[in-house]
1. Output the residues belonging to segment 72-99 that are part of a loop (DSSP other than H, G, I, E, B) and either among the aliphatic types (A, V, I, L, M) or on the phi < 0 side of the Ramachandran plot (or both).
2. Restricting to segment 85-113, name every residue that is in contact with a Gly (Cβ under 8 Å, 6 or more places away or on another chain) and crowded, with 17+ Cβ neighbours inside 10 Å.
3. Restricting attention to segment 109-150, report how many residues are farther than 19 Å from S81 by Cβ, in a loop (DSSP other than H, G, I, E, B) and touching a strand residue (DSSP E or B) at 6+ places or on another chain (Cβ under 9 Å).
4. Counting only residues that are more than 18 Å from N118 (Cβ to Cβ) and under 19 Å from the mean Cα position of the chain (by Cα), how many does segment 75-95 have?
5. Taking only segment 2-56 into account, find how many residues are on the phi < 0 side of the Ramachandran plot and either within 27 Å of the chain's Cα centre (by Cα) or at pLDDT below 80 (or both).
6. Looking for whichever is in contact (Cβ under 8 Å) with a residue 60 or more places away in the chain, among the small types (G, A, S), more than 12 Å from V143 (Cβ to Cβ) and in the same structural domain as N118 (by TED's automatic domain parsing) here; the options are S63, S81. Which one fits?
7. Kindly indicate which of N156, N146, N118 is touching a residue at least 40 places away in the same chain (Cβ under 8 Å) and over 20 Å from L69 (Cβ atoms).
8. Please go through segment 66-78 and give me each residue that is surrounded by fewer than 20 Cβ atoms within 10 Å (Cβ to Cβ) and without any contact (Cβ under 8 Å) to a residue 60 or more places away in the chain, ordered by number.
Amino acid sequence: MNNQNISEKSGSSRRSLLTWFSGAALAGSAAISALANFVFMKPRATYGQPSRYSIGRPDDFPSGTRVSLDQRRVCVVREGSKLAVISTICTHLGCTVGVSDTGFACPCHGSRYDQDGNVVGGPAPKSLTWYQVSLAPNGDLEVDTNNAVSQGTYYNL
């Protein structure tokens, strides 16, 4: 009789342990499922750089300058009372081109562009893009990278 009580107690404790583990596994899976649903429902909007942005006042760019704005990946060119913005994104593979004395040069694969962004050497398939420039009501110059203009199109200040 003593052996029967021991086996009943061990069976009872084993059953309790399995019940506890099953309940913990069920609660854990419910928590993970709820967390996954919460993460799924939360919007994952990733906003890139705005397509229209301010680059400063016209006085910030004296006549005869070519200023590279590396963070915006554009070059501001001012000639007299005319101003233009040229993209510094290489049309070959998207590297950032540097401003040089003769125009633009891509450090990645050797594409070269003249002062106006026309391809003069290397694997680049087309010229650099020119962007529309306008004057905001507060007096700042604004660049719209969604609106490409033809080469040689300057904004008259």
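The values are calculated or read from the model by the stated rules, or taken from the named source; none is laboratory data. Keep in mind the model is a prediction, meaning the values are calculated, not measured. A quick note on method: Cβ atoms are made from the backbone with ideal geometry, for glycine too, and the neighbour counts reach across all protein chains shown.
1. Step one: filter segment 72-99 for residues part of a loop (DSSP other than H, G, I, E, B), giving 72-73, 80-81, 88, 90-95, 97.
Result: R72, S81, T88, C90, T91, H92, L93, C95, V97.
2. Selection gives I86, S87, T88, H92, G103, F104, A105, C106, S111, R112, Y113.
3. The number of residues fulfilling the criteria is 14.
4. Residues in segment 75-95 being more than 18 Å from N118 (Cβ to Cβ) and under 19 Å from the mean Cα position of the chain (by Cα): 2 in total.
5. Within segment 2-56, the subset on the phi < 0 side of the Ramachandran plot is 2-55.
In the following step, the residues that additionally are either within 27 Å of the chain's Cα centre (by Cα) or at pLDDT below 80 (or both) were identified as 2-12, 36, 38-55.
Selection size over segment 2-56: 30.
6. Details: S63 fails: in contact (Cβ under 8 Å) with a residue 60 or more places away in the chain.
Every option except S81 fails the conditions.
7. Values: N146 fails: over 20 Å from L69 (Cβ atoms); N118 fails: touching a residue at least 40 places away in the same chain (Cβ under 8 Å).
On inspection, the qualifying residue turns out to be N156.
8. At the first step, the residues of segment 66-78 found to be surrounded by fewer than 20 Cβ atoms within 10 Å (Cβ to Cβ) are 66-73.
Of everything in segment 66-78, those that are surrounded by fewer than 20 Cβ atoms within 10 Å (Cβ to Cβ) and without any contact (Cβ under 8 Å) to a residue 60 or more places away in the chain turn out to be R66, V67, S68, L69, D70, Q71, R73.
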